[in-house]
Amino acid sequence: MKFYCQVLITSQTLVYFFQSLLKARKTEKVAKKTLRMGSHVYCCFQTRSVDFLKNMFRAYVQPIVDYNSEIFSPYLLKDIRMLERAQRAYTKRIPGMRNLSYAQRLQSLSLQSLEEKRLRVDLNLTFRIMKGLVDIDFADFFEFSDVVRTRGNSLKLKIPRCYHDPAFHFFTNRIPPVWNALPDAVVTAPSLGVFKSRLSDIDLTRHLKLPDIG
C-alpha cells in the first residue's frame with residue numbers, strides 16, 4: 001500500500017511537471033508570435049497616427065494573446081512578463097511614447113495590461129455562465145457559497161480546495177476569490193453590457209500578479 005501511494009504521488013508529480021513544461025512552451029510560442037506580429041503591423045503601415053496604431057494592435061496583435069485565455073492563462077511571473085513584453089515593445093514604438101514608462105504609456109493610450117485584460121475576460125465569462133448566456137452548465141464549473149457575510153456581494157462562489165499549482169490556477173479555481181470581492185451592483189447587473197460597464201470602473205490591481213508594471 002505504501003509503495004502504491006508513492007507511485008501514485010510520483011505519477012501525479014510527473015503529470016503536473018509535464019503540464020507546466022507544455023504551458024511554458026506554449027507561452028514562449030505565443031510571446032514570439034505576438035512580438036513578430038507587432039513588428040509586422042508597425043512596418044506595414046506608413047502612418048504613425050497614435051489612434052490608428054492602437055487600433056491595429058487591438059485588431060491584429062491582441063487577439064493572439066486573448067485567444068482561449070480562459071484556458072491558457074499563465075500564472076508564473078516569468079510567463080506573465082514574457083507575454084506582456086509584446087505590448088511593452090509595441091507601445092514604445094508609438095510616437096511620443098518612447099520616453100514614458102510602460103504604466104504611463106498604457107494610461108496615455110487608454111490600454112490595460114494584458115494580465116488585467118485576461119482577468120476581465122475571465123470575469124465576463126463567469127457572468128455569462130451564471131446568467132446562462134453560454135451553453136455551459138453553471139453547476140459543472142461553480143457552486144454558490146453557503147457562507148453569508150456582509151462584505152462582498154450576494155452571489156459569492158464557493159472557493160475550491162486545491163493542493164497543486166496547476167489546479168489552483170485553473171479558471172474555476174482562480175476566479176471565485178476575485179468574483180467574491182466585486183460589489184453587489186456589479187455581479188447583479190441585468191445584462192452583460194451593464195456588467196462590463198460597471199466592471200470597467202473597478203480597480204482590479206490587487207488581484208494581479210504584476211500590479212506594479214512600471
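The values are calculated or read from the model by the stated rules, or taken from the named source; none is laboratory data. Treat the numbers as computed from the prediction; the structure is a model and nothing was measured. Cβ placement follows ideal geometry from the backbone for every residue including glycine, while neighbour counts extend to all protein chains displayed.
Within the range 158-169, is there a residue that is at pLDDT 90 or above, closer than 24 Å to residue 115 by Cα and of a type outside the set (Ser, Thr, Tyr)? Looking for residues that are at pLDDT 90 or above, closer than 24 Å to residue 115 by Cα and of a type outside the set (Ser, Thr, Tyr), one finds at least one in the range 158-169, hence yes. Identification of helices (runs of 4 or more DSSP H) wholly contained in the range 100-214 with 3 or more residues that are touching a strand residue (DSSP E or B) at 6+ places or on another chain (Cβ under 9 Å) and not assigned by TED's automatic domain parsing to the domain that holds residue 31 yields 171-180. Report whether or not residue 152 is small (Gly, Ala, Ser) and touching a helix residue (DSSP H, G or I) at 6+ places or on another chain (Cβ under 6 Å). Yes: the conditions hold for residue 152. Among the residues of the range 1-49, those that are among the β-branched types (Val, Ile, Thr) and either farther than 19 Å from residue 84 by Cα or modelled with pLDDT under 50 (or both) comprise 7, 9, 10, 13, 15, 47. Taken over the range 177-211, residues that are charged (D, E, K, R) and closer than 15 Å to residue 111 by Cα amount to 2. Scanning the range 71-84 for residues that are over 19 Å from residue 125 (Cα atoms) and surrounded by fewer than 16 Cβ atoms within 10 Å (Cβ to Cβ) turns up 76, 77, 78. Within the range 152-167, can one find any residue that is more than 30 Å from residue 40 (Cβ to Cβ), of a type in the set (S, T, N, Q) and under 14 Å from the mean Cα position of the chain (by Cα)? The answer is no; no qualifying residue exists. Only a single criterion out of (1) modelled with pLDDT under 90; (2) under 19 Å from residue 175 (Cβ atoms); (3) small (Gly, Ala, Ser) is not satisfied by residue 113, namely (1).
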